[in-house]
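Accompanying notes for the structure given below.
The values are calculated or read from the model by the stated rules, or taken from the named source; none is laboratory data. Only a predicted model underlies this, so the values are computations on that prediction, with no experimental measurement involved. Because the Cβ atoms are built from the backbone with ideal geometry, glycine has one as well, and the counts that use them run over all protein chains shown. Calculation scope for accessible area: heavy atoms of the full protein, side chains included, ligands and nucleic acids excluded. Shrake-Rupley method; radii C 1.70, N 1.55, O 1.52, S 1.80 Å.
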Amino acid sequence: MIDLAEQTRLLGELPQELEVLAGAIDTVRAGEISRPVREIVPIAVRAHDLSIRCLKQLDTLAGSQYAVMKDGHENLAFVAEATVRVSLVSTLCSYGITGRTEALLYEGTDETPETSRGYLAEANEELRQAAGTYRVLAQNLSRRLASAAARAEDQRRIERALARRGPAPETPAHSPSPASGRCR
């Protein structure tokens with residue numbers, strides 16, 4: 001069992017972090033993008049770090065009582081979708097770097113930063129969609145945890161799910177140590 005209040009807090013923190021990242025993207029997008037590696041890579045790294053956090057939280061929620069709560073599977077699908085969006089932001093930023101470096105390296109390519117700006121605009125849209133999804137998920141979970149009736153309904157669902165799984169396997173009183181397995 002995980003602490004759902006803590007997971008609600010974590011879900012609730014993500015929208016603000018994603019909006020801060022979107023602001024950083026807006027700042028770079030509005031500029032000349034003359035040094036795409038220096039300007040965009042830090043954003044791509046932040047997006048990548050956030051996507052790892054989101055993936056870890058998705059894994060935590062999927063293996064917990066959250067999955068069997070009312071609308072749990074549907075909510076997990078939304079968490080997965082938002083996670084993919086955050087992950088996509090890192091990729092779009094990388095394309096934004098490549099789009100600009102191609103202009104600096106090869107003749108006959110678009111010398112303006114429009115290609116990079118386009119990718120960065122797509123990245124911002126993904127961030128805003130993910131932020132909205134996380135905000136709604138955090139609010140919904142918070143409401144369920146605040147409602148005694150919803151908590152009781154979820155507890156019954158959790159107990160039924162645990163009963164279907166059966167009792168946890170018992171661990172033997174003595175398990176052989178790695179050294180005692182082979183005596184040579």
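List of remarks:
- For the chain, size of Cβ-based charge dipole, Lys and Arg +1, Asp and Glu -1, in debye: 1140
- Average accessible surface area per residue within the chain, 1.4 Å rolling probe, Å²: 61
- Share of carbon and sulfur in the accessible heavy-atom surface of the chain [1.4 Å probe, %]: 54
- Here the stretch 49-72 is scanned for amide nitrogen atoms under 19 Å from the site 7 Å beyond the Cα of Ala80 along Cα-to-Cβ, giving 51-72.
- Order by protection proxy (mean Cβ within 10 Å, highest first), peptides 46-55, 78-87: 78-87, 46-55
- Convex hull volume of the Cα atoms of the chain, normalised per residue: 181 Å³.
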